[in-house]
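The values are calculated or read from the model by the stated rules, or taken from the named source; none is laboratory data. These numbers were taken from a predicted model, which means no experiment stands behind them. Cβ atoms come from the backbone with ideal geometry, glycine included; neighbour counts cover every protein chain shown.
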Amino acid sequence: MVRFGASSWNYPGWRGLVYHRDYGGKGASARMLEEYARFPLFRTVGIDSSFYAPPTEDTLAAYSAHLPPGFPCVSKVWNQLTIHTFTAAQDKTRAGQPNPDFLNPDVFLEAVYQPYQRYFVDHAGPLVFEFTTMSRGSGMGPERFAERLDEFFSAVPRDMMYGVEIRNEEFLTPMYFAVLREHGVAHVFNSWTRMPPIGHQLDLPGSVSATFLVARALLRPGRSYDEAVDAFSPYDRIQDPAPHLRKDLLRLIETAVHARIPAYLLVNNRAEGSAPLTVAEVLRMLPPGGA
């Protein structure tokens, strides 16, 4: 019931580790995914590209055709639904303007939910709503954020798994966890630049808010994404071991096993330098007999 995977799979630097042939041309990503799913330590995968645009019907169909039966994917939800106020980096023409589609259930149903139900339902794991850091000037405080989540999840079908990943530590309130619990939505335990470690999040009352766990081990707290990209590419070896992060992932495994709920644990190359090797190191820490 514990599924490890990487937060994406398009990494030529994994040649000789995960992949044993070169990929190129039309359909390369789907064919790469097929070999990824045969790697013995991977039993789920993150679809990161869906954050920037919803996957097309053809893309979902191609992924589905190249995945083995029962192999679930953890997909990011289109950021048109999770951006509260546009920044210049996101859209220069609308910088500083509020996003009218923020947590709009109609947009979600049309652009995300319905295509996944039609073309990817056999591989649809948790759908993750990733909310980038919201400034205090945006007017979105902890209470209002929890209220908006409550309004949104009250309006969407409950027959899919949902997770919420936040980048504002102050949003980790009892009200936030209560809203998630009310709707059966998972708090996504994330290791990120400006978030407390996963273990600290796990210690918060009510942080296990659904009948499944989701975690994304992305970055060591305090390190920026760009710094990690420059330091760790091409992601073929561990370059900066993070023992505390590994212990936190082990705690998530223990929590899932104790609660008898499934867990989807994604590891990013930028956590230590190579996601497949980080997963291997965590699994070596399991007691005899495994979890």
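If I go through the stretch 234-286 residue by residue, how many of them are surrounded by fewer than 20 Cβ atoms within 10 Å (Cβ to Cβ) and among the β-branched types (Val, Ile, Thr)?
4
Residue by residue, here is whether (1) among the charged types (D, E, K, R); (2) in a helix (DSSP H, G or I) holds:
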| residue | (1), (2) |
| --- | --- |
| Glu170 | yes, yes |
| Met175 | no, yes |
| His187 | no, no |
| Thr193 | no, no |
| Gly199 | no, yes |
| Arg216 | yes, no |
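From Val208, Val179, which residue is at pLDDT 95 or above, farther than 30 Å from Gly13 by Cα and not in a helix (DSSP H, G or I)?
Selected residue: Val208, the only one of Val208, Val179 that is at pLDDT 95 or above, farther than 30 Å from Gly13 by Cα and not in a helix (DSSP H, G or I).
Looking only at the stretch 35-54, filter to residues that are surrounded by 21 or more Cβ atoms within 10 Å (Cβ to Cβ) and either out of contact with any helix residue (DSSP H, G or I) (no Cβ under 7 Å at 6 or more places or on another chain) or free of Cβ contacts under 8 Å to residues at least 12 places away in the same chain (or both); which one of those is farthest from Ile83 (Cα to Cα)?
My answer is Tyr36.
Spot the failing condition for Gln97; the list is (1) polar (S, T, N, Q); (2) surrounded by 14 or more Cβ atoms within 10 Å (Cβ to Cβ); (3) in contact with a strand residue (DSSP E or B) (Cβ under 9 Å, 6 or more places away or on another chain), and only one is missed.
Condition (2) is where Gln97 drops out.
Test of understanding: among Val279, Val229, Val267, Val188, which residue is in contact (Cβ under 8 Å) with a residue 60 or more places away in the chain, in contact with a helix residue (DSSP H, G or I) (Cβ under 8 Å, 6 or more places away or on another chain), closer than 23 Å to Ser8 by Cβ and among the β-branched types (Val, Ile, Thr)? Step through it out loud before you land on a result.
Details: Val279 fails: in contact with a helix residue (DSSP H, G or I) (Cβ under 8 Å, 6 or more places away or on another chain); Val229 fails: in contact (Cβ under 8 Å) with a residue 60 or more places away in the chain; Val188 fails: in contact with a helix residue (DSSP H, G or I) (Cβ under 8 Å, 6 or more places away or on another chain).
Exactly one residue qualifies, and that residue is Val267.
In the stretch 220-240, how many are at pLDDT 95 or above and aliphatic (A, V, I, L, M)?
Going through the stretch 220-240 one residue at a time, the tally reaches 1.
If only one of Ala275, Ala210 is within 18 Å of Gly5 (Cα to Cα) and of a type in the set (Gly, Ala, Ser), which one is it? Spell out the reasoning first.
Details: Ala210 fails: within 18 Å of Gly5 (Cα to Cα).
Result of the check over Ala275, Ala210: Ala275.
Inside the stretch 149-168, can you point out the residues that are surrounded by 15 or more Cβ atoms within 10 Å (Cβ to Cβ) and not in a loop (DSSP other than H, G, I, E, B)?
Initial filter on the stretch 149-168 (surrounded by 15 or more Cβ atoms within 10 Å (Cβ to Cβ)): 149-150, 152-153, 156, 160-168.
Correct list: Leu149, Asp150, Phe152, Phe153, Tyr162, Gly163, Val164, Glu165, Ile166.
Which strands (runs of 3 or more DSSP E) sit wholly inside the stretch 1-78 and have at least 1 residues that are of a type in the set (Lys, Arg)? First the steps, then the outcome.
Details: elements: 2-6, 45-47, 73-76.
Passing ranges, in order: 2-6, 73-76.
Of these, Thr133, Thr82, which one is within 18 Å of the chain's Cα centre (by Cα), modelled with pLDDT of 95 or more, in a loop (DSSP other than H, G, I, E, B) and not aliphatic (A, V, I, L, M)?
Numbers: Thr133 fails: modelled with pLDDT of 95 or more.
Going through Thr133, Thr82 in turn, the sole match is Thr82.
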